Amino acid sequence: MPYLSTRGAEGVSAPEAIVRGIAPDGGLYVPASLPALTKADFDAFAALDYPARAARTLSWLLDGFSEKELLAMARAAYARFDDPAVAPVKALSGRRFVLELFHGPTLAFKDMALQMLPHLMTAAARKTGEEREIAILTATSGDTGKAALEGFRDIAGTSVTVFYPQGGVSAVQEKQMVTSQGRNVHVVAVKGNFDDAQTGVKALFADADFRREMNALGKTLSSANSINLGRLAPQVAYYLSACADLLSRGEIAWEEGVNVCVPTGNFGNILAAWYARRMGAPIRRLICASNRNDVLTDFIRTGVYDRRRDFHKTISPSMDILISSNLERYLWELAEGDCAQVHAWMEQLKTEGAYAVSESAKARMRACFFGGFADDKATAASIARVWRQDGYLSDPHTAVALAVLEDYRHDSGDPTPILAVSTASPYKFSADVAAALGVSVSGDAFDAARALEDHTGVPAPRAVKELKTLPVLHTRVCEKGRMGEAVLRGFA
Ligand SMILES: *Cc1c(COP(=O)(O)O)cnc(C)c1O
């Protein structure tokens, strides 16, 4: 099954797409065709554990990998999760369900893919004849950096260097990063903001001299960002897994199906749900939930994507995004594979800040997607309501989804069961969750976690408690113009 670039017709294999990350023409790799699953495939899933479900999903999506080798990778990737189901589905009242994706080492859904990606990438490198070490460079505003550090930690043939803005991430996020263990991990604070760090990393990828120096050290650069096919494909697995669980437990009927509501930033997670639907999963509507950065809500409602608006910092920071990079894959679908059209929209976004899709594309999008948003006030109210009514503790990102699904049901009258996706542990955002429940907190994030635990009786994950006492292992700081030297120094 070849992968095509959204901006050109060239087809590559899955291993090549994973090693490259982004296509040479700047496009994203999309599958030229998708498998057609039947109810029997979901029945068969019910007897498999999560790693086996993930391996089978990936064998359907990625050519060039055997199910057996994928299973070995998935067993290694998901061994460190703190729930035996890896991605359990919990029931709330009113035929609402929650798919929990935060049981990995960094307590956010990025682990579902970033624990798997290093295995896929090293195998893909071998298959494409790449013998150099893969040096991952990443700039982070918080969650992705730590998930990449944990994913690539001690994976042979790789190293990972994460740059974060000094003073620009939360205290817990900084603590998570500077205490990272592993022989091949490097963490550097940049004197600048996130954009400086991001721009610096992009400049290194484009710097021929820097690449030559890395090559002389036997290293080739790669990135772990969310447009990599090796991050998208593992995310499809949990949607198929959740549907299989709901069917086998008799919570939903095959004919009736389920709506899926995803708290969205870069459009990666919800795109995986769309692929699952396209492959034949019994998923009906996809509900795209945003915070006050509601660019996707407007796009789904009007067919106009317009990033010319104020950027809001919210209590769901991983969704504070105005340019949803993975949307390009869905645009390719809306354009019915017309790469020139996709390219034109992306150019318009860059130069004018906006583009509009055709009326027929808009109608097709609206038949599948519903867009809604919740501001911080509605998000906090959602945390409190779900705790009061269902005894379920949700983090602010999850609470955005739980708020928007109520709006959807109210607006549409659609009684179909809904699966809301939970993307982070409430204990990753203890202070905001405690505040939403009216729990008064003084002190740091760890005090907030303790207060929240006392108030709710929901145990905090061990990873949160351990973090407080872990030793700091990374103290390097660099000027924003000297990130290349910082990378090289890490290998000295
Ligand atoms: C990254 C992230 C999201 C957004 O996911 P996208 O794939 O970018 O849409 C939502 N919630 C949390 C906690 C995240 O870390």
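Multiplying the residue separation of residue 411 and residue 475 by 0.36 nm and removing their Cα-Cα distance gives an extension gain of 17.9 nm.
For region 254-328 and region 394-456, write down the distance between their C-alpha centroids in whole Å. Value for the Cα centre distance between the two parts: 18 Å. Here the simple spin-label model places points 7 Å from the Cα toward Cβ, and for residue 66 and residue 131 these points are separated by 2.4 nm. Among 416, 398, the order of accessible area from largest down is 416, 398, computed with a 1.4 Å probe on protein heavy atoms. Around the amide H of residue 287, modelled in the peptide plane, lie the amide H atoms of 260, 261, 262, 370, all under 5 Å away and 5 or more residues distant in sequence or on another chain. Packing here is the average count of other Cβ atoms within 10 Å per residue, and on that basis the peptides 432-441, 268-277, highest first, run 268-277, 432-441. In terms of its alpha-carbon gyration tensor, region 5-90 comes out prolate; a/c meets the 1.5 threshold, and the first ratio a/b outweighs b/c. Each Lys and Arg contributes +1 and each Asp and Glu -1, all at the Cβ; summed about the Cα centre of region 158-209, the dipole is approximately 240 debye. The calculated FRET efficiency for the pair residue 76 and residue 193, based on their C-beta separation and a Förster distance of 35 Å, comes to about 0.45. Distance between the modelled labels on residue 203 and residue 442, one decimal in nanometres: 4.5 nm (7 Å Cα→Cβ projection).
Counting protein heavy atoms only, the chain has 50 percent of its accessible area on carbon and sulfur, 1.4 angstrom probe. Once the Cβ-Cβ distance of residue 33 and residue 468 is raised to the sixth power relative to R0 = 45 Å, the FRET efficiency obtained is 0.35. Its DSSP H runs of at least 4 residues, each contributing -39,500 (n - 2.57), put the calculated 222 nm mean residue ellipticity of the chain at -14000 deg cm²/dmol, to the nearest 500.
Between residue 298 and residue 25, the C-beta separation translates, for a Förster distance of 30 Å, into a calculated FRET efficiency of about 0.60. Among beta bridges identified by DSSP and lying wholly in the chain, the antiparallel ones come to about 25 percent. Residues whose amide H comes within less than 5 Å of that of residue 136, counting only those at least five positions distant or on another chain, are 159, 160, 161, 222 (H built at 1.01 Å from N in the peptide plane). Which of rounded, prolate or oblate describes region 248-406 when judged by the alpha-carbon gyration tensor and an a/c cut-off of 1.5? In terms of gyration-tensor shape, oblate. Backbone phi angles across region 71-76, fed through the Karplus curve with coefficients 6.51, -1.76 and 1.60 (θ = phi - 60°), yield HN-Hα couplings of 5, 4, 5, 5, 4, 5 Hz in residue order; Gly and Pro are listed as x. Taken along the Cα-to-beta-carbon direction at a fixed 7 Å, the label points for residue 363 and residue 95 span 2.9 nm.
Dipole of region 233-352 computed with +1 at Lys/Arg Cβ and -1 at Asp/Glu Cβ about the Cα centre; of 253, 321, 302, farthest Cα towards the positive end is 321. Indicate the gyration tensor shape class of region 364-450 (rounded, prolate or oblate), computed on the Cα atoms with a ≥ b ≥ c the square roots of the eigenvalues: a/c under 1.5 is rounded; otherwise a/b larger than b/c is prolate and the rest oblate. Cα axes put region 364-450 in the prolate bin. With contacts taken as Cα pairs under 8 Å and at least 6 residues apart, region 1-58 reaches a relative contact order of 31 percent.
Go through 76, 45, 343 and say which Cα lies farthest out towards the positive end of the charge dipole of the chain; charges sit on Cβ, +1 for Lys and Arg, -1 for Asp and Glu. It is 76. Ignoring lysines fewer than eight residues from residue 191 along the same chain, the ones with Cα atoms less than 20 angstrom from its Cα are 146, 175, 202, 480.
The dipole here belongs to region 443-492: it is taken about the Cα centre, uses +1 on the Cβ of Lys and Arg and -1 on the Cβ of Asp and Glu, and is about 280 debye.
The values are calculated or read from the model by the stated rules, or taken from the named source; none is laboratory data. Fair warning: this is a prediction, and the values are worked out from it, not measured in the lab. Glycine gets a Cβ as well: all are built from the backbone with ideal geometry, and neighbour counts include every protein chain shown. Protein only, heavy atoms only, side chains kept; ligands, DNA and RNA dropped before computing areas. Shrake-Rupley method; radii C 1.70, N 1.55, O 1.52, S 1.80 Å.
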